[in-house]
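Below is one structure; the comments refer to it alone.
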Amino acid sequence: MHLLYSNFGTVSDRISCPPAIQTLMGRQMEIRYTRHAEDKLTEETYYVSLSIQKPLIEETILYPDYVEVLKDERIRAVRAISDRRSLDVIYRDLGEYFLVITFSPAKRGRYER
C-alpha cells in the first residue's frame with residue numbers, strides 16, 4: 001500500500017466539466033462504470049438514501065482526501081461526505097479512462113491512514 005496524496009483539492013474545487021469527462025493532471029479522462037457499480041447506483045436504496053450519485057463518485061476520484069494503491073493496480077480514493085461518513089471508491093486507471101469498480105460509504109477514518 002502506498003499513499004499517493006492526501007487532502008488534494010478543496011470544497012471550492014467542484015467539478016465544472018461535463019459529467020464523466022474530467023481533466024486530471026493535464027489529461028482528459030473519461031470515467032466509466034462496471035455493471036456492478038451501475039447496479040449499486042440504481043438498485044440499492046441505501047446508496048440512494050445517502051444521495052450517492054455519479055458526480056459525487058467522480059469528485060471523490062478527482063479530489064480525494066486520501067488515496068492508496070491496492071493489489072492488482074486498483075486504486076482506493078476516499079473523500080468525506082459528512083461529519084461521520086466518507087465515500088470509498090475503488091477504481092482502475094486504464095490510461096484512456098478510469099473504470100469505477102465499486103464504491104461504498106464508510107465510517108470516517110476507516111480507510112484514511
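The values are calculated or read from the model by the stated rules, or taken from the named source; none is laboratory data. Keep in mind that what you see is a predicted model, and the values were worked out from it rather than measured.
For T42, are the conditions met, namely being modelled with pLDDT under 90 and assigned to a strand (DSSP E or B)? The answer is no for T42. Among the residues of segment 50-60, write down those that are under 17 Å from K40 (Cα atoms) and part of a helix (DSSP H, G or I). Hits for segment 50-60 are K54, P55, L56, I57, E58, T60.
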